[in-house]
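**Student:** Encoded as structure tokens, here's the structure I'll be asking about.
The values are calculated or read from the model by the stated rules, or taken from the named source; none is laboratory data. Remember, it's a predicted structure, so these values are computed and weren't measured experimentally. Methodologically, a virtual Cβ is constructed for each residue, glycine included, from the backbone with ideal geometry; neighbour enumeration extends over all protein chains shown.
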Amino acid sequence: MFRRSGYTFVSLDDALKDPAYRERDDYAGPKDLSWIHRWAIAKLMPMKMEPGEPGWLRAGR
């Protein structure tokens with residue numbers, strides 16, 4: 001299904017050769033951040049968090 005949609009895949013070894021994985025990662029905090037957010041922090045870039053879950057979803061818990 002993914003290949004039919006045009007996705008390609010690489011091995012983990014090849015993926016880790018990407019320079020992005022040599023970026024600093026000094027974040028230690030209370031939030032569980034994605035790598036994109038961690039890279040933004042390392043590069044002192046503005047970071048926009050994902051929206052929270054909608055109220056109707058939280059109400060169903």
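**Student:** From (1) over 27 Å from P51 (Cα atoms); (2) loosely packed, with under 10 Cβ neighbours inside 10 Å; (3) modelled with pLDDT of 90 or more, pick out the condition that doesn't hold for R22.
**Tutor:** (3)
**Student:** Shifting gears a bit: Restricting attention to region 40-53, and to residues there that are modelled with pLDDT of 85 or more and not aliphatic (A, V, I, L, M), which single residue is surrounded by the fewest Cβ atoms within 10 Å (Cβ to Cβ)?
**Tutor:** Taking the candidates together, the pick is P46.
**Student:** Would you pick out the residues in region 16-51 that are of a type in the set (G, A, S) and assigned to a loop (DSSP other than H, G, I, E, B)?
**Tutor:** Those that are of a type in the set (G, A, S) and assigned to a loop (DSSP other than H, G, I, E, B): A28, G29, S34.
**Student:** Here is a follow-up. From (1) over 29 Å from G52 (Cα atoms); (2) in a loop (DSSP other than H, G, I, E, B); (3) not basic (K, R), pick out the condition that doesn't hold for D13.
**Tutor:** (2)
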